[in-house]
Amino acid sequence: MKQRASFFQRLSSTQIVYLVALVTLILGVLLVNSIGRSFFSPGNISSILTGTSVLGFIAIGQTLVILAGSLDLSVPYVTSLASLIAAGVMANNPNNVLSGVLLTLGTAAVIGLANGLIVARLNVHGFIATLGVGLIISGFLATNFKGSFGETPLAFRLVGATGIGPVPISTIIMLACAGLAGLLLHRTRVGHHLYAVGGDIAVARTSGIRVDVPVITAHVICSVLAGMAGLLLASRLGVGSPTVGSQGGYDLLSIAAVVLGGTLLSGGKGTITGTLGGVLIFAMLDNIMSVMQVNPFLKDVVRGVVIVVAVAVYARRRIVSRPERFPAKGSVETPAAQPVPVEGP
Amino acid sequence: MRNNSVRAIALAAALPLVALTGCTTEPSVTQTTGTGTGSAAASSPASKDWFDQSLYDTQNQQRSATFEGNPEQPYLQYIAGPMRDTSKFKAPGAHKVCFANASISNPWRQTGWITMNQQLKALQGTGVISEMETRDAKDNDNTQIADIDYFIAEGKCDAFVISPNSTAALTQAVERACETGKPVVVFDRGVETDCATTFIHPIGGFAWGIDTATFLSERLQSGDKVVALRILPGVDVLEHRWAAAKKIFEEKGIQAKDYFTGADPTKIKNIISDELATGDVKGVWMDAGDGAVAALEAFEDAGKKLPVMTGEDEMSFLTKWKQTGIDAMAPVYSNFQWRTPLLALEKVFKGEPIPAEWVLPQKPILKDELDQWLQRNQGMPSGHYAKFGGEDLAGYPEVWQKRQIP
Amino acid sequence: MSTALNSERSAILKQNRASRSERLLRAVRTPGGAVFVLLTGLLATIIVLNPSFGEPGSFIRFVGRTAPIAIAAIGQYFVIVAGEFDLSMGSVVTMQVIVAGNLIRQDDSKVIPVLVLMLVLGAFIGLVNGLITTLLKVPSFIVTLGMMLALLGLVLYWTGGAAQGNPADSFRQIGRGGIQDVPVLDIIPYPVIILTAAAVAGFVLMRRPYGRMLIAVGDNPSAAALAGSRVWWVRTRAFMMSSLSATVAGILLVGYAGVHPSVGRGYEFTAITAVVLGGVVLGGGRGWVLSAAAGAFALESLFTLLNFMGLQATWRDTVQGAIIIIAVAAASRSWQRKRKGASSAAHDEQHQMAAAPTPAEGTEQGGRV
């Protein structure tokens, strides 16, 4: 028992995420094989990976925002708007693809800038700021777009429908974005500041960091990635749709994926790798339940339970392992007995 | 050390996936989209207005059309038109059906889904269908596209039934299903291709709008106020209802004010209360019957005269209509259409011709038929739809009374 | 630490010296007070646009129909001020609405037992939310998000998506009826009475040791723990109050509007928005319980105003979003301005607001166990 606990303690939260993913995978293989299907057939792999792409883009952006101590609830509406702009500008003309993509991402960046400025400069909590911006966009969408709009050209649609082996191109682009976001976090000054601001904004401020910059940067990147998700959806659907973002419930689902990936909701701690693990867990879970033809209402029950149970696994571990950061003195028992403030205000 | 074990575990989780990347061949998605997507490019659904005069005129005519077939089995009736030859699909034995469903997120779809499952059991009993594999997209276009692609790649389906979540977005996925050479049945909402073996639907939203708005405008004066309670924007089935009604209200000089309610009775009651506070409301129009009772209760609580009203064939509205004795009608978006796709496949597997576009009857419930429909649906819960059309199926009435969803 | 205590105490003394009118002015300029100004402005605009709204009879009906969301906001306040979220509120409302519809049916004798069952269920859900958050250390955003999904899924699975029908009229009277033939007002809806009771209870509770402990826990849990409060139990009770308030809101909504699976949808966001509009700070430690209720009224007045203005239905979300941002930004501005003026005093003032003007501050600073 003690042996197990110490093995468990040595794992970082990212490792545990992938351990949970591995357990999900094994479970998936057993269940899917039990009804005479193959989990590893190309169609199934492609189905799982397709499931990771859209949520993946949004969750990467959400990770940055959450690391900076904020939240983004406007992502579904940005995604819908992006799909409409892309399909509208391209209008089934292959020559317009580049301008469509640039205009879409530019608009998304402007929305992200607005989010960031409201959060950083007007001191509105991210929850309310992005909820408000989301509502503003949603009213705009409902007023100006009647159902689907525009059309994406064949060349652009192939992005969403082609794959290398069973791996969709969209997944590869998503992973590339994840890599870039990882570089930003670990290799740039803004990235380091992002962790600092999310960890303790007051300390960051007193140590001379311009706290606005990382927060605004994170919001801009998050919206741009939501815009990427919109582009991907425009590619897969062939048209833009004013509801495609809210259909996926990507706001709460992306936050859940981020936290499932071991990132602290209060900011300052977490990794992109972990988030990808969280997204993969969700995608496999959905796939398994669809193959097993689970009642749609029960799917939500399973999802809800899994989110809580999985996070509970690392959340407990985080407390246990905390004393190790100060190994010099102090008994191990006292911090465990006392509630340690994991989340700050 | 720590970093190494991260990689080890990540690798262990990803290894089977990676290994497969190496050894699989091109997935069917790649092959099919190349050929499939080209044909959809013709139509561009970029209209900013839902009103469509030609659809309006067609559906207006279909309201009074004669339907082929036995009126006792409305789910098999259709308007005469081009038939589809299905002799190439003729095959004996039991077949596997794959059903890509948009969702069961509202009572209308749930009622239909229950009926469909009882129909399935009947056809399994007669050996026409071996099993039906269902994927539910939870109202998500992207998920439904992936569902259809999964069926094509992995389902070993003998036939596809698709209830599209939205029209334009699902078009290419339906075309990919068509390219498998298996029969494809589309029902409820359509897609922008006629590659499917048949497209099953009741007359449509414009007919609903014409029925209801005509009913109200016949009973109201020019200048009277009607409150229009709509569920949500952007869904074609619902938008067509309002587009037609709005046109008629404008023509007749009836002042109609529309609201989105999300089918939430709380919002409906607030809206009606506010409207009653600012002036008289003579009529209530709904694009779906959910929450009709709350609208009437708002009049009761404010002590105002009850309005002329159009609801839907939903049980709570029918019951309240009977109780209050108001001047009302219940338009119908025929719920029995959920039986038809499987029955159509039965014909297809026998090689019998079926209508290329299978337009089902959509007859509103008027005052003189109210008692009869209440009688037929005694004991049904409030989210049940009177014209569900499953009275002759096994499990009637308990399955519908208890809303047993598999 | 001791210097902080000293400056805090002197700031409080300084405040208590101020005259009543000055204190009122100062209170209005805090986010928790500003919401009352916003509310008054919205109501005045509605009355200008539509004078009949100002008549006592219709105004009291407006208060009645706002009661459920105001009660939910009061419940959400306890959770937010303790530094947590409750996203499961909407699903709890939906669950209770459907439980009432399916278990009571038209049987008057079942009203009381089912009512008790609903309250027990509500308290139990809050207990589960609270224990998972505090003992298993899962962030409440995730716990209650999971609860939201699981609860709604279970209820829909159990009922096949729709309820059997409205419960007996005697049960619905709680949310629909009222005391008739009252002079001037014509009717006092029961929801108004229940809301008043909830507001008074919330107000009193926040002045009692538990309320102060709750704010202390939200402000700085480790300090509160060191001061000897059982943080986990304080927070868990906040979750239970939140779920219970959602239950009460559900009971009122069944009466007011009837049973439908969409009743309660989005309630958690509306309640959180109301609380934030009331100047309560997400993250905990600051805010006044009655301001949360006032935030709910401001939000509902806004919806009503939009109805009266005859704005195109699709634009309403936009206006709502803009107003929420502006209101919260303005509130945070006014709060910042104060902080610049009086350094740490502004922070303490929030305690003052919540603890009301009783001169008990001395004991609050001391080692209460």
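The values are calculated or read from the model by the stated rules, or taken from the named source; none is laboratory data. Because the structure is a prediction, the values reported are computed rather than measured. Every residue, glycine among them, receives a Cβ derived from its backbone with ideal geometry; neighbour counts consider all protein chains shown.
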(message) Would you confirm whether or not segment C:189-212 contains a residue that is among the charged types (D, E, K, R), touching an Asp or Glu at 6+ places or on another chain (Cβ under 9 Å) and part of a helix (DSSP H, G or I)?
(response) yes
(request) Can you confirm whether segment C:269-289 contains a residue that is surrounded by fewer than 24 Cβ atoms within 10 Å (Cβ to Cβ) and more than 11 Å from chain A (Cβ to nearest Cβ)? (result) no
(message) Within segment A:245-267, does at least one residue satisfy the condition of being surrounded by fewer than 22 Cβ atoms within 10 Å (Cβ to Cβ), more than 24 Å from A:Val313 (Cα to Cα) and among the polar types (S, T, N, Q)?
(response) yes
(message) Pairs please, first residue from segment C:136-147 and facing chain A (nearest Cβ under 7 Å), second anywhere and assigned to a loop (DSSP other than H, G, I, E, B) and among the aliphatic types (A, V, I, L, M), Cβ atoms under 6 Å, 6+ apart in sequence or on different chains.
(response) C:Pro139/A:Leu265; C:Phe141/A:Leu265; C:Leu145/C:Leu87
(message) Please list, ordered by residue number, the strands (runs of 3 or more DSSP E) wholly in segment B:218-317 having 3 or more residues that are closer than 30 Å to B:Glu192 by Cα.
(response) B:225-230, B:255-260
(request) May I ask you to list the residues in segment B:328-358 that are of a type in the set (Lys, Arg) and surrounded by fewer than 23 Cβ atoms within 10 Å (Cβ to Cβ)? (result) B:Lys347, B:Lys350
(request) All but one of (1) free of Cβ contacts under 8 Å to residues at least 24 places away in the same chain; (2) surrounded by fewer than 22 Cβ atoms within 10 Å (Cβ to Cβ); (3) within 14 Å of another protein chain (Cβ to nearest Cβ) hold for B:Tyr150, so report the exception by its number. (result) (2)
(message) Of everything in segment C:223-247, what is touching a residue at least 24 places away in the same chain (Cβ under 8 Å) and among the basic types (Lys, Arg)? Give them in sequence order.
(response) C:Arg235, C:Arg237
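Listed here are the residues, each with its yes/no results for (1) of a type in the set (A, V, I, L, M, F, W, C); (2) closer than 30 Å to B:Glu175 by Cβ; (3) more than 8 Å from every other protein chain (Cβ to nearest Cβ).
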| site | (1), (2), (3) |
| --- | --- |
| A:Arg236 | no, yes, no |
| A:Pro242 | no, yes, no |
| A:Ile255 | yes, no, no |
| A:Thr271 | no, no, yes |
| A:Gly274 | no, no, yes |
| A:Val279 | yes, yes, yes |
(request) Only residues that are closer than 18 Å to B:Arg189 by Cβ and outside any helix (DSSP H, G or I): list them for segment B:333-360, please. (result) B:Tyr333, B:Ser334, B:Arg339, B:Pro355, B:Ala356, B:Glu357, B:Trp358, B:Val359, B:Leu360
(request) Could you identify the single residue in B:Thr212, B:Thr193 that is touching a helix residue (DSSP H, G or I) at 6+ places or on another chain (Cβ under 9 Å), of a type in the set (Ser, Thr, Tyr) and part of a loop (DSSP other than H, G, I, E, B)? (result) B:Thr193
(message) Which condition from (1) touching a helix residue (DSSP H, G or I) at 6+ places or on another chain (Cβ under 9 Å); (2) farther than 24 Å from A:Gly126 by Cα; (3) not hydrophobic (A, V, I, L, M, F, W, C) is the one that A:Thr217 breaks?
(response) (2)
(request) Looking only at segment A:124-147, count how many residues are at pLDDT below 90 and either assigned to a helix (DSSP H, G or I) or not small (Gly, Ala, Ser) (or both). (result) 5
(message) Go through segment A:25-66 and report how many residues are over 13 Å from the mean Cα position of the chain (by Cα), more than 9 Å from chain B (Cβ to nearest Cβ) and either assigned to a helix (DSSP H, G or I) or hydroxyl-bearing (Ser, Thr, Tyr) (or both).
(response) 8
(message) Every residue in segment C:148-184 that is within 10 Å of chain B (Cβ to nearest Cβ) and outside any helix (DSSP H, G or I), please.
(response) C:Gly160, C:Gly161, C:Ala162, C:Ala163, C:Gln164, C:Gly165, C:Asn166, C:Gly177, C:Gly178
(request) Please specify each residue of segment A:70-96 satisfying the condition of being outside any helix (DSSP H, G or I) and away from chain B (no Cβ under 14 Å). (result) A:Ser70, A:Leu71, A:Asp72, A:Leu73, A:Ser74
(request) Of the conditions (1) within 14 Å of chain B (Cβ to nearest Cβ); (2) assigned to a loop (DSSP other than H, G, I, E, B), C:Ile251 clears all except one; give me its number. (result) (2)
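Condition check ((1) under 29 Å from B:Asp57 (Cα atoms); (2) in contact (Cβ under 8 Å) with a residue 24 or more places away in the chain; (3) away from chain C (no Cβ under 11 Å)) across all residues:
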| position | (1), (2), (3) |
| --- | --- |
| B:Ser217 | yes, yes, yes |
| B:Val226 | yes, yes, yes |
| B:Leu229 | yes, yes, no |
| B:Glu275 | no, yes, no |
| B:Val281 | no, yes, yes |
| B:Met286 | yes, yes, yes |
| B:Glu312 | yes, yes, yes |
(request) Look at C:Ile215 and say whether it is modelled with pLDDT under 95, within 16 Å of the chain's Cα centre (by Cα) and part of a helix (DSSP H, G or I). (result) yes
(request) Answer yes or no as to whether A:Gly262 is out of contact with any strand residue (DSSP E or B) (no Cβ under 6 Å at 6 or more places or on another chain), of a type outside the set (Asp, Glu) and either within 12 Å of chain C (Cβ to nearest Cβ) or not in a helix (DSSP H, G or I) (or both). (result) yes
(request) Go through (1) of a type in the set (Ser, Thr, Tyr); (2) within 14 Å of chain B (Cβ to nearest Cβ); (3) surrounded by fewer than 23 Cβ atoms within 10 Å (Cβ to Cβ) one by one and return the number of the condition A:Ser99 breaks. (result) (2)
(request) Filter segment C:254-265 down to residues that are within 8 Å of another protein chain (Cβ to nearest Cβ) and outside any helix (DSSP H, G or I) and give me whichever is farthest from B:Val293 (Cα to Cα). (result) C:Arg265
(request) Could you check, for segment B:359-376, whether at least one of its residues is more than 13 Å from chain C (Cβ to nearest Cβ), under 18 Å from C:Asn166 (Cβ atoms) and at pLDDT 95 or above? (result) yes
